[in-house]
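Just so it is clear, none of the values below were taken in a lab; they were calculated from the coordinates. Predicted model only: the values in this text are computed from it and were never measured. Positions of Cβ are generated from backbone atoms using ideal geometry, with glycine treated the same way; all protein chains shown enter the neighbour counts.
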Amino acid sequence: MQDIQTIKINLPGGMVSPGRLREILTVAYDAKVQQVRFGSRQQLIFRITGEKVRFLERDFKKQKIRYEINGENYPNIVSSYCAEEVFRTGHWLHESEYHTVLDGFDYSPKLKINLSDSHQSFTPFFTGNLNFIASPEPHFWYLYIRPKQSNSLFRWRDLIYTNDIAALAHTLEPFLLEAIDEEITERYLYEKVSQSSSLITQPATQEVPLPDFGLPYYEGFNRYGQRSWLGIYRRNEEFSIPFLLDICSLCLETRVGEICTTPWKSLIIKGIEENDRPRWSQIMSRHNINVRHAANELAWQTEDHDDEGIEFKKYILQYFEKHDTRTFGLCFGVQTRDKSEVFGSILIRKRYTLRVGDLRLLPVYDLFHTDNFNPNSRTYFLFETGLMKNHLPNQVDRLCRKFNASRYGQQTSRIEIAESSAPALIHERYQCPHCLTVYDETFGDERAGIAPGVPFSALPDSYLCATCEAPKTEFAVVEIENLVV
């Protein structure tokens, strides 16, 4: 068996100049790499046999190209810049503002950092550890912190000035990496930062509303103003290097300054002049690149380099096509590996019911949806558990129908952190800290023989998480407030 190594190269903010991308791809192609992919954090990923790695590393060092081998120690900085201009135009957040933030990072972050326009739903808000979201106040950002390996989320009390984002991230990083979970609170971090840095801030006086999710159609040629943008999606997520090299060359010839990668593992090329459109079409034809796939096919996220997830996506899409399933307003995530993360309002998780040593046998699937079906929500509700693969498409279809039936009268979600003056009914649910499964006594746990209506306190001590089989003692309380109007 060949020794296969995975190479990851960060493209900060999902932006890369055509010249730099051409340098990276040329080194990879010289090392006999034929195909590359773009990850869900907007990075470049490819695989290479072990004997060629030393030649690749030698050439990368000559070109001063930073890379990782088989690692995720330095996650890429994700940004919503790929959506700017083509899907929406921010009140004050434009290309120069993104570049100002990214240019401030003179170090490689070990935390996941997201930069988001608050009015878009194309890129995720809260998949990072430090999530900066543009506020209504020009040049100031909200910060929502999610500690590593945690699903808790809290808001920084101040708005952060654009030029201070990198400095604050650098200051926060050691405290978030080194502190024990019980210490990581907003107050603890705020006191640490106040002692070690001076920042330009404003009080954060309101919460960030979560926009209704609507995935824009991000493929093909599309006009905006006097120019066009081109979105390129590949069904198998693979892009041939000769095709990408041709794209880089044409960008340089026609003065297109940047290529954008997206969290949907696709490319967006902005600023195509009308006179140049025929040349772009020629490249697409030369490499047999198809566009205008079905919208429901574009609304899926799988783990990076996960061929099983891609095949599973195709399997469910066949059912959707046969039954003409409506999926507008939804996106889907497929999770086949432990402790990975995908972005989706409907989430499919694979698990094994039998383990013998290192062998994992008898796979089943659990089906979840997020609160209000908004993929930016951090709360997951179990819809069905322990499904066999052949039963799953029908259950996903049922969940889509449930979503469509609930659309009438649905209102925009909001992150409720600040206290409300209205009286509240507090409903406690218990959540597994490992896989984020919520035990809801309203539904019980049919697989474990727990009937609806059984409170968590009445569960036997031997109860295990329906998804990852974590013990009952490790569940934590989650409070969900229903305001009385």
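Gyration tensor over the Cα atoms of region 199-266: the corresponding equivalent ellipsoid has semi-axes (square roots of 5 times the eigenvalues, largest first) of 32, 18, 15 Å. Taking Lys and Arg as +1 and Asp and Glu as -1, the other residues whose beta-carbon sits under 13 Å from that of Thr89 total -3. Rounded to the nearest 20 debye, the dipole size of region 296-413 about its Cα centre is 400 debye, using +1 on the Cβ of Lys and Arg and -1 on the Cβ of Asp and Glu. Calculated [222 nm] ellipticity per residue, helices only, for the chain: -7500 deg cm²/dmol; basis is -39500 (n - 2.57) per DSSP H run with n ≥ 4, divided by all residues, nearest 500. Put simply, region 167-283 fits an ellipsoid with semi-axes of 43, 18, 16 Å; these come from the alpha carbon gyration tensor as the roots of five times its eigenvalues, largest first.
With the simple model of a label 7 Å out from the Cα in the direction of the Cβ, Thr6 to Ser108 spans 1.7 nm. With the charge dipole of the chain set up from +1 on Lys and Arg Cβ and -1 on Asp and Glu Cβ about the Cα centre, the Cα lying farthest toward the positive end among the listed residues Thr302, Gln195, Tyr98 is that of Thr302.
If you wrap the tightest convex hull around every Cα atom of the chain and split its volume per residue, you get 175 Å³. Peptide packing: for 39-51, 97-109, 350-362, 242-254, the average count of neighbouring Cβ atoms within 10 Å per residue gives the ranking 39-51, 242-254, 97-109, 350-362, highest mean first. Calculate the tail of P(r) for region 88-210: the fraction of all Cα-Cα distances greater than 20 Å, expressed in %. Everything past 20 Å amounts to 39 percent. Each label was represented as a point 7 Å from its Cα along the Cα-to-Cβ direction; for Ser340 and Arg223 these points are 4.1 nm apart. Restricting the calculation to Cα atoms, region 296-413 yields a radius of gyration followed by a Dmax of 14.3, 51 Å.
Could you sort out which of Lys148/Lys339; Lys8/Lys61; Lys110/Lys265; Lys32/Lys52; Lys402/Lys472; Lys8/Lys270 sit more than 18 Å apart by Cα distance in this structure? In this structure, Lys110/Lys265; Lys402/Lys472; Lys8/Lys270 exceed 18 Å between Cα atoms. Placing dummy labels 7 Å off each Cα toward the beta-carbon, the span from Leu245 to Ser406 is 5.0 nm.
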